[in-house]
Amino acid sequence: MLGITLQETRFYQDVKEEGREEGKKEGRQEEARTFVLRLLTKRFGEVSSEFKSQISRLSLEQLEALGEALLDFVSFDDLAVWLETENGTLQK
């Protein structure tokens, strides 16, 4: 028609970039989640499936905050309190 392919359109480029940025954010979130769980495991032992489930629902910003907060934790009880405060629910 006009000699323009879909890949050459501004809309396509914008959508592609948006998808790329979203993928990067999801990757950072997964890395943060994995790192927080590794730190908790090293410090306190095996993390329960309930805690893993709650942690898996945290945003990147929450995971970063948890990463800093866990430096002051002395037990999983501190994690429970933090999650309760952050999520509004406590499920042990």
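Values for this structure:
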{"read-out": "Unique match (being of a type in the set (D, E, K, R), touching a Leu at 6+ places or on another chain (Cβ under 7 Å) and over 17 Å from GLU86 (Cα atoms)) among ARG28, ARG10", "value": "ARG28"}
{"read-out": "Filtered residue count, region 56-83, keeping only those that are in contact with a Lys or Arg (Cβ under 8 Å, 6 or more places away or on another chain) and loosely packed, with under 14 Cβ neighbours inside 10 Å", "value": "1"}
{"read-out": "Subset of region 53-62 (residues that are among the polar types (S, T, N, Q) and in a loop (DSSP other than H, G, I, E, B))", "value": "SER59"}
{"read-out": "Scan of region 1-52 for residues that are loosely packed, with under 11 Cβ neighbours inside 10 Å, at pLDDT 90 or above and either among the polar types (S, T, N, Q) or assigned to a helix (DSSP H, G or I) (or both), ordered by number", "value": "LYS42, SER49"}
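The values are calculated or read from the model by the stated rules, or taken from the named source; none is laboratory data. The model shown is predicted, which means the values in this text are computed figures rather than measured ones. Every residue, glycine among them, receives a Cβ derived from its backbone with ideal geometry; neighbour counts consider all protein chains shown.
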